[in-house]
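Heads up: the structure comes next, in structure tokens.
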Amino acid sequence: MKVGIVGASGYSGEVLVKLLLGHPRVTLAAVTSRTHAGKPLATVMPAVRGIDQGLKFSDSDPTALAATDIDLWFLALPHGAAATYAKALVAAGKRVIDLSADFRIADLATYQKYYGEHHAPELLPSARFVLPELTPPAWKQEAKLIAAPGCYPTSILVPLVPLLKAAVVTREHIVVNSFSGVSGAGKKAEEAYLFCERAESAKAYGLVQHRHLAEVEEQLALHTGAPTIIQFNPHLAPMRRGIATTITVPATPGGTIEQVYAAWKAAYAGKPFVQILPAGETPDTAHVVGTNRIDLSAVHDPRTGNFILTSAEDNLVKGASGQAVQIMNLWCGFDETAGLV
């Protein structure tokens, strides 16, 4: 099957290129970039020298891309830009997996509150948000356009959803602190992301209304059947890649750590990319970077009555490109782990 990447020169685009060049069931047939159009892929990404298949970057014209014989397209673009390509590609009968936020939020008013104008609102009803470990499998037959989850939401939803559904934890007073590598901000030249600014430095940002909050709370409501409000505190950490998330959530009366682990094991049995660590063994970003895995752990604090849930993932793999390939594998009937292990 032929696949293509629109916006292949960013951080998530580069990871996608590497994963798809090594995938046993697909051929990477096109990579686009307005900045690098006409340049050999291996010149822009020297890491793929020798396996680049002679690919060159092409321009990113939606109509031209829709007219190709490529079956499935990944959109590794900023929010706002992805919608324009999705319109042309979906209309041409192509499968589309969008890594931006354009189709992650089903409610148009919520999207507009956090992101502004939507450039293809008519596609929202047919788009499907897919977190492979949690989304019911009917999406494989229904979907024309898939929204891959954000990096922070993946690190929050995977630990939290099974516990809310099993009523092991309460819906009130949930506090989430997440730390992300600088690559989460994308490949852009801004003073705040210079090495001298970020090295030996960590800080909170986007407090009160980070954009991923809308995605997290909408998905919590959809998965658990009731509105759930969280306090989300994202931080920028002095590392290139990885997300570490700590969730403090009150236990329901009588809730035990054994119930937490039972709910996780029931939800993620047979799920190859979720690893459940023993209580007290907290996940480490160093152990998941470069993988499509998310590691989980939990402890109970008898003094406060809270559970402390921790997770770690690579923001560019399980939080973006690897998860998109995982979705493609399931959508197209490939082995879920193809190209990812």
Original post:
Before we move on, is Leu194 surrounded by fewer than 14 Cβ atoms within 10 Å (Cβ to Cβ), of a type in the set (A, V, I, L, M, F, W, C) and more than 15 Å from the chain's Cα centre (by Cα)?
Top reply: yes
Original post:
Which ones in the stretch 89-121 are in a helix (DSSP H, G or I) and touching a residue at least 12 places away in the same chain (Cβ under 8 Å)?
Top reply: Leu89, Val90, Ala91, Leu108, Thr110, Tyr111, Lys113, Tyr114, Tyr115, Pro121
**OP:** Can you tell me which residue among Ala66, Ala76 is closer than 30 Å to Tyr268 by Cβ, of a type in the set (A, V, I, L, M) and either buried (at least 18 other Cβ atoms within 10 Å of the Cβ) or in contact with a Gly (Cβ under 9 Å, 6 or more places away or on another chain) (or both)?
**Re:** Ala76
**OP:** Pick out, from the stretch 232-329, the strands (runs of 3 or more DSSP E) lying fully within it that include 1 or more residues that are surrounded by fewer than 21 Cβ atoms within 10 Å (Cβ to Cβ) and without any contact (Cβ under 8 Å) to a residue 24 or more places away in the chain.
**Re:** 274-276, 294-301
Original post:
Do we find a residue being touching a Ser or Thr at 6+ places or on another chain (Cβ under 9 Å) and in a helix (DSSP H, G or I) anywhere in the stretch 126-147?
Top reply: yes
Original post:
Is there a residue in the stretch 10-26 that is in contact with a Ser or Thr (Cβ under 7 Å, 6 or more places away or on another chain), outside any helix (DSSP H, G or I) and either charged (D, E, K, R) or buried (at least 20 other Cβ atoms within 10 Å of the Cβ) (or both)?
Top reply: no
**OP:** Look at Ala37 and say whether it is assigned to a loop (DSSP other than H, G, I, E, B), of a type in the set (A, V, I, L, M, F, W, C) and out of contact with any Leu (no Cβ under 8 Å at 6 or more places or on another chain).
**Re:** yes
Original post:
Does Leu163 satisfy the criteria of being outside the structural domain of Gly270 (by TED's automatic domain parsing), outside any strand (DSSP E or B), under 28 Å from Pro283 (Cβ atoms) and touching a residue at least 40 places away in the same chain (Cβ under 8 Å)?
Top reply: no
**OP:** Please find, within the stretch 34-59, the residue that is farthest from Pro78 (Cα to Cα) out of those that are hydrophobic (A, V, I, L, M, F, W, C) and in contact with a strand residue (DSSP E or B) (Cβ under 8 Å, 6 or more places away or on another chain).
**Re:** Leu55
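The values are calculated or read from the model by the stated rules, or taken from the named source; none is laboratory data. This one's a predicted model, so the numbers in the text were calculated from it and none came from an experiment. Quick reminder, even Gly has a Cβ in these numbers, built from the backbone with ideal geometry, and neighbours come from all protein chains shown.
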